[in-house]
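A.B. asks: Sending over a structure as structure tokens; questions will come in a sec.
The values are calculated or read from the model by the stated rules, or taken from the named source; none is laboratory data. In this text the structure is predicted, and so the values were computed from the model without any measurement. Glycine gets a Cβ as well: all are built from the backbone with ideal geometry, and neighbour counts include every protein chain shown.
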Amino acid sequence: MPAHRLARSALALSTLALATALIGCKTPIPETFDPFVPAEFRDKVSMAVETGGGDYGADKMLLLTYDAGPSDAEIDAAYMKHLEAAGFTTLTECKIEGEIISRDFIKSPAEHVQVFFRLPGSAEAGPMLHVFHTAKLRELGGAENCSFTEAAKTLCKTLEADRCVLGE
């Protein structure tokens with residue numbers, strides 16, 4: 001294709017993207033992650049990209065960015081409420097400087113969802129988070145600054161300070 005046609009195509013796509021953003025169309029959540037993303041703040045999602053989660057030990061991963069508006073604490077509360085209502089239990093929570101940065105949720109027989117927030121101190125960028133999903137998790141290691149919840153005592157077949165082994 002000639003360069004001038006490529007340039008026109010790129011300009012047309014850019015114009016379409018800008019027009020879509022200006023008329024307030026919300027960014028759709030990929031269907032495979034729809035059950036894990038709460039309805040609150042969906043109208044503030046500015047980007048949603050699904051990828052494989054192989055580098056992170058997950059089956060799949062969703063990167064979400066939100067327009068400036070909801071705080072990390074508001075998003076954290078919405079995810080907790082949503083995932084717990086869907087039958088998930090909080091297994092771990094991780095903090096930096098007293099702020100929650102991630103939580104692991106588990107649902108029998110071993111379905112795992114991790115919600116990882118951006119690091120504190122980058123509020124001007126707007127909230128950003130990763131949602132990881134694994135259909136069958138067998139073991140979860142506790143990372144630095146993370147602690148297992150009281151529920152982990154009953155959910156984990158073996159629970160040590162830095163490791164939870166789930167039943168088969």
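A.B. asks: Modelled with pLDDT under 90, of a type in the set (A, V, I, L, M, F, W, C) and over 23 Å from residue 29 (Cβ atoms): which single residue out of 131, 165 fits that description?
C.D. replies: 165
A.B. asks: Turning to a different aspect of this structure: Mind checking which pairs have a first residue in segment 37-48 that is assigned to a helix (DSSP H, G or I) and a second that is at pLDDT 85 or above, Cβ under 8 Å, 6 or more apart or different chains?
C.D. replies: What qualifies is 42/29.
A.B. asks: Suppose the filter is modelled with pLDDT under 80 and hydroxyl-bearing (Ser, Thr, Tyr); does residue 147 pass it?
C.D. replies: Criteria not met by residue 147.
A.B. asks: Can you report the number of residues in segment 61-95 which are among the aliphatic types (A, V, I, L, M), part of a helix (DSSP H, G or I) and in contact (Cβ under 8 Å) with a residue 40 or more places away in the chain? Step through it out loud before you land on a result.
C.D. replies: From segment 61-95, those among the aliphatic types (A, V, I, L, M) are 61-64, 68, 73, 75, 77-78, 80, 83, 85-86, 91; that's our starting set.
Now narrow it down to the ones that are part of a helix (DSSP H, G or I): 73, 75, 77-78, 80, 83, 85.
Applying the additional criterion that residues be in contact (Cβ under 8 Å) with a residue 40 or more places away in the chain yields 75, 78, 83.
Matching residues across segment 61-95 total 3.
A.B. asks: Only one residue in 105, 116 is assigned to a strand (DSSP E or B), at pLDDT below 85, surrounded by 14 or more Cβ atoms within 10 Å (Cβ to Cβ) and touching a Ser or Thr at 6+ places or on another chain (Cβ under 7 Å). Which one?
C.D. replies: Numbers: 105 fails: at pLDDT below 85.
Answer to the selection: 116.
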